[in-house]
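A.B. asks: Following this message is one structure expressed as structure tokens.
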Amino acid sequence: AISGLTEGAESTKTQANFPDVSASHWANGYINVSQAQGFVIGDDTGRFRPDDNISYAEAVTIMMRVLGYDPAAQSSGGFPTGYLVTAGTAGLFRGGVSAPTNAAATRGIVAKLAYNALTINLMERTGFGVNETYEVVDKTLLEDKLDVQKLSGQVVATSESTLSGASSLKDD
């Protein structure tokens, strides 16, 4: 978990920030933290619709906000087109992820979007005040927020075995 967000969800679970999300709803604290972080804002009537399906465009929008690309998406047309265009440019659709804009996002699509989001470079604010600017930086959710390194290669030995010798990895 990203540091502090779970604790934030627990501490805000009794306040209702959306008119259609009761303070006793099981996801209320998580919804509140997601709203506070700017990941979700509700629909055009100010409701969250916690028990509705999420559309493909809404799932993409949340992922792009988590990655910090909200300013780029807004400057490209906002919801949904700006988020979809920005997501494509950033690489969120690697591996052929796609669906109709307003179709319900399947669990598989959301999982693939989340997986792709882990290694996309984040966008951060680099200029402030009158000179507010945003740029893509050499940071990712995986390495810089979750402190995990993604490595690739071939295992050639462990403390118990090697690719050659009496106890060979090739056997299993």
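The values are calculated or read from the model by the stated rules, or taken from the named source; none is laboratory data. Quick caveat, the model's predicted, so the values are computed rather than measured. Virtual Cβ from ideal backbone geometry, glycine too; neighbours counted across all protein chains shown. Accessible surface areas use protein heavy atoms only, side chains included; no ligands, DNA or RNA. Shrake-Rupley method; radii C 1.70, N 1.55, O 1.52, S 1.80 Å.
A.B. asks: Let me check I've understood the local charge: for ASP138, count other residues with C-beta under 11 angstrom from its C-beta, Lys and Arg +1, Asp and Glu -1. What total comes out?
C.D. replies: Combined, the nearby Lys, Arg, Asp and Glu give -3.
A.B. asks: Using a 1.4 angstrom probe, figure out how much accessible area the stretch 103-154 has per residue, in square angstrom, rounded to the nearest whole.
C.D. replies: 71
A.B. asks: When the chain is modelled as a GNM with alpha-carbon springs shorter than 10 Å, which of TYR56, TYR134, TYR69 fluctuates the most?
C.D. replies: Highest fluctuation of the listed residues: TYR134.
A.B. asks: Taking square-rooted eigenvalues a ≥ b ≥ c of the alpha carbon gyration tensor, is the stretch 1-156 rounded, prolate or oblate, where a/c under 1.5 means rounded and, failing that, a/b exceeding b/c means prolate?
C.D. replies: In terms of gyration-tensor shape, rounded.
A.B. asks: ARG49 accessible area, nearest 10 Å², 1.4 Å probe?
C.D. replies: Around 70 Å² of this residue is reachable by solvent.
A.B. asks: If packing is taken as the average count of other Cβ atoms within 10 Å, what order do 109-115, 29-35 fall into, highest mean first?
C.D. replies: 29-35, 109-115
A.B. asks: Roll a 1.4 angstrom probe over the protein heavy atoms and tell me the percent of accessible area of the chain that is carbon or sulfur.
C.D. replies: Carbon and sulfur together cover 52 percent of it.
A.B. asks: If you don't mind, another one. Please turn the phi angles of the stretch 87-97 into ³J(HN,Hα) values with the Karplus equation 6.51 cos²θ - 1.76 cosθ + 1.60 (θ = phi - 60°), one per residue in order, whole Hz, x for glycine and proline.
C.D. replies: Using θ = phi - 60°, the values come out as 5, x, 5, 6, x, 5, 9, 3, x, x, 5 Hz.
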